[in-house]
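Asker: Encoded as structure tokens, here's the structure I'll be asking about.
The values are calculated or read from the model by the stated rules, or taken from the named source; none is laboratory data. Computed from a predicted model, the values in this text were never measured in an experiment. Don't worry about glycine lacking a Cβ; one is built from the backbone with ideal geometry, like all the others, and counts go over all protein chains shown. What goes into the accessible areas is simple: the full protein's heavy atoms, side chains included, and nothing from ligands, DNA or RNA. Shrake-Rupley method; radii C 1.70, N 1.55, O 1.52, S 1.80 Å.
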Amino acid sequence: MKMRILLVVVVLGLMAGAAYRIQYSASGDKKGGGDRALSVRTVPVAVRDFPRVIDLPGTLEAAQQVAIVAQTGGTVLRQHVQEGDAVRAGQVLFSLDSRPAQARIAQSQATLAGARAETADAVQKLDRLSPLMKSGYISRQEFADAQLALESARARAGTARAELEAAQLDVAYGQIRAPIDGRVGRIAVRPGTLVQAGGTPLTTILAPGTLDVRASVSQQDWPELAAARAHGKVTAEVFRDTDRTVRAKGELVFVDSQIDATTGAVPIKVRLAGAPTALLSGQGVRVRLLLGVEPNAKVVPEAALQHAQVGSYV
């Protein structure tokens, strides 16, 4: 009896072990063979010269641009150019109403003519009194009054001449001309607009050709950039934010002498060699400063580099 019970227990144990084995094998197949070894791709660490660079966001601007501001007040009579027009230096952009200045010219001319006549009369009178003064026929006070009258007439003539020149300048300033060759930007006024001297710019002239990139270098990267500048010129590459294709190359031409307190960075300027049509003034770009080469550097794929709290590891 005991033997039969023992045999039954042994058989049940064997059946349970077989069922567990079958179930474990099935679950292992569903998980993709968890007991199989993982394949790991390896690459050798390369030793080669590695470029040292600083990537920065920047903004393009024309290397030479001039804001056109009226030098005299008046109403815009004519607009001789349109937005986007190419202009030459000296070309008339706007004409202001010069009639008030013309009236001042006529008034100054009349005042000047009267002052010149008074001066001539005072000179003749002084010439007549000079020999009488030497002979003692007139008093010193009378002769002094004649000299004073001459000086006053000359002063009035000088004032009238200055007023005339100022009015003539206002007439000339009424013809607002382009100071440089370039292309007309957005025009902020139209005929009939009253403008003031030194007020809001009427438009902007952008010189063709050269573009600059304005950017800022952080305090952490500044020592490395300063060291690169000490060894020679620093070149740069410019590309758009949407891709990594180099659109232009240039050279670092300006570094500010102090840190901008608002950003905590050092403003810089890169001048491009040429002006690619794909780049426009005011466009946001990425600029890469080429600081030199690190010789015999150990290089690994970027994807293999991991970062932790204690540092980087492969």
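Asker: Obtain the nm distance between the two label points defined at Asp260 and Gln71 by a simple spin-label model: each point lies 7 Å from its Cα along the Cα-to-C-beta direction.
Answerer: Here the modelled spin labels are 3.3 nm apart.
Asker: Here's another thing I want to ask about it. Over the chain, give the accessible area per residue in Å² for a 1.4 Å probe, as an integer.
Answerer: Using a 1.4 Å probe on heavy atoms only, each residue of the chain averages 66 Å².
Asker: Could you calculate the contour length gain from Ala103 to Tyr313, that is, 0.36 nm times the residue separation minus the distance between their Cα atoms, to one decimal place in nm?
Answerer: This chain segment gains 67.3 nm when fully extended.
Asker: Next question, about the same structure. What is the chain's relative contact order, in percent, from Cα pairs under 8 angstrom and six or more apart in sequence?
Answerer: Relative contact order of the chain: 29 percent.
Asker: Shifting gears a bit: Rounded to the nearest 10 Å², what accessible area does Ser218 have for a 1.4 Å probe in the complete protein model?
Answerer: Counting only protein heavy atoms, Ser218 exposes about 40 Å² to solvent.
Asker: Hey, another quick one. On a 1.4 Å probe surface of the protein chains, which of Tyr313, Tyr137, Tyr173 comes out largest in accessible area, and what is the full order?
Answerer: I get Tyr137, Tyr313, Tyr173, largest accessible area first.
Asker: Above 19 angstrom, tally the Cα pairs of the stretch 179-314 and express them as a % of all pairs, no decimals.
Answerer: Result for the distance tail: 67 percent.
Asker: Could you tally the net charge around Gln219, taking each other residue with its Cβ under 14 Å from the Cβ of Gln219, Lys/Arg +1 and Asp/Glu -1?
Answerer: Charge balance near Gln219 sits at -4.
Asker: Under 10 Å, Cα contacts only: if you run a Gaussian network model on the chain, which one of Gly292, Gly182, Gly264 comes out with the highest mean-square fluctuation?
Answerer: In the Gaussian network model the winner is Gly264.
Asker: Right, next: If you take the Cα atoms of the stretch 78-193, find Rg, then find the Kirkwood Rh from the mean of 1/r over all pairs, what is Rg/Rh?
Answerer: 1.36
Asker: Quantify how much of the Cα-Cα distance distribution of the stretch 130-224 extends past 22 Å, in percent.
Answerer: In whole percent, the long-distance tail amounts to 67.
Asker: For Gln64, what charge total do you get from the other residues with a beta carbon under 15 Å from its beta carbon, if Lys and Arg give +1 and Asp and Glu give -1?
Answerer: Result for the neighbourhood of Gln64: +2.
Asker: Follow-up question, since we're still on this one. Per DSSP helix of 4 or more residues, -39500 (n - 2.57); summed, then divided by the residues of the chain. What does that give at 222 nm, rounded to the nearest 500?
Answerer: -12500 deg cm²/dmol
Asker: Give the Kirkwood hydrodynamic radius (Å, one decimal) of the stretch 104-146, defined as one over the mean of 1/r across all pairs of different Cα atoms.
Answerer: Hydrodynamic radius (Kirkwood, Cα pairs) of the stretch 104-146 is 11.8 Å.
Asker: Oh, and also: If you average the sequence gap of Cα pairs under 8 Å that are 6 or more apart and divide by the length of the stretch 192-252, what percent do you get for the contact order?
Answerer: Relative contact order of the stretch 192-252: 20 percent.
Asker: If you roll a 1.4 Å probe over the chain with all protein chains in place, what percent of the accessible area is carbon or sulfur?
Answerer: It is 54 percent, rounded to a whole number.
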